[in-house]
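Working notes, structure below.
The values are calculated or read from the model by the stated rules, or taken from the named source; none is laboratory data. All of these numbers come straight from a predicted model, not from anything done at the bench. Cβ atoms come from the backbone with ideal geometry, glycine included; neighbour counts cover every protein chain shown. For accessibility, only protein heavy atoms count, side chains too; no ligands or nucleic acids. Shrake-Rupley method; radii C 1.70, N 1.55, O 1.52, S 1.80 Å.
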Amino acid sequence: KRLSGIQFMAGGKSAIVALRDENGAAVLSVDGTSVALTKERIATGVNPYAIDVSSDGRWAVIGNTGVSRTVDDADVVTLVDVSKRPFRAAQQISVPATPEGVAISPDGRWIAVSSMAGSNLLATDPGRHKLGSVSLYAIQNGVATKVNELPGGEAAQGVVFTQDSQTVIVQFDVEKALALYAVRDGKLVD
């Protein structure tokens with residue numbers, strides 16, 4: 001059925017692909033130009049969408065956008081342990097609605113989540129908000145914990161860390177802009 005995000009693991013010998021309609025992720029084996037589906041599956045939330053992997057080869061994150069709605073209910077981001085096979089979901093993290101943008105810092109210490117949080121809904125929907133949110137989570141001892149959350153853009157989507165893991169860049173789709181956030185003193189700062 002429909003696929004959405006895909007991300008190669010460190011070394012390029014495997015990849016994770018989001019099975020959007022089947023509510024899970026599959027693992028692919030990669031050998032040069034040959035790609036094969038393995039029997040490995042990863043438990044996710046509903047409608048897995050975006051995927052990112054840490055450069056250190058320890059963690060992956062999968063944003064799950066949930067179902068169509070008129071309210072801004074909670075969704076989840078899946079923290080995946082990719083340090084050994086089979087890969088496994090280590091934690092389901094509750095986040096604001098529609099986390100289309102997820103990123104894990106190259107050093108594997110932080111997760112950034114750009115959630116639409118109702119900003120993608122029609123003005124007549126009861127869950128409509130003008131802006132979404134950008135959240136920062138710290139990964140310690142295999143568990144992600146929310147650090148803080150700041151206002152984002154309207155229906156914002158993509159998010160990425162810079163190579164030094166100190167800056168988060170968020171795609172503000174409606175505003176046609178890139179927003180910069182810094183990780184300072186263990187918190188996200190606009």
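Observations on the model:
- Meets criteria (acidic (Asp, Glu), farther than 22 Å from residue 162 by Cβ and assigned to a loop (DSSP other than H, G, I, E, B)) for residue 56: no
- Note on the range 63-176: enclosed strands (runs of 3 or more DSSP E) holding 2 or more residues that are of a type in the set (S, T, N, Q) and over 19 Å from residue 16 (Cα atoms) are 110-115, 133-140, 143-151, 167-172.
- Flag for residue 3 being without any contact (Cβ under 8 Å) to a residue 12 or more places away in the chain and either surrounded by fewer than 18 Cβ atoms within 10 Å (Cβ to Cβ) or β-branched (Val, Ile, Thr) (or both): no
- Of all residues in the range 166-181 being under 21 Å from residue 49 (Cα atoms), without any contact (Cβ under 8 Å) to a residue 40 or more places away in the chain and in contact with a strand residue (DSSP E or B) (Cβ under 8 Å, 6 or more places away or on another chain), the one that is surrounded by the most Cβ atoms within 10 Å (Cβ to Cβ): 172
- Scope the range 116-165; condition at pLDDT 95 or above, of a type in the set (S, T, N, Q) and open to solvent by less than 20 Å² (accessible area, probe 1.4 Å); matching residues: 133, 135, 165
- Residues satisfying the stated conditions in the range 6-50, i.e. open to solvent by 50 Å² or more (accessible area, probe 1.4 Å) and assigned to a strand (DSSP E or B): 6, 7, 8, 31, 34, 35, 37, 39, 41, 43, 49
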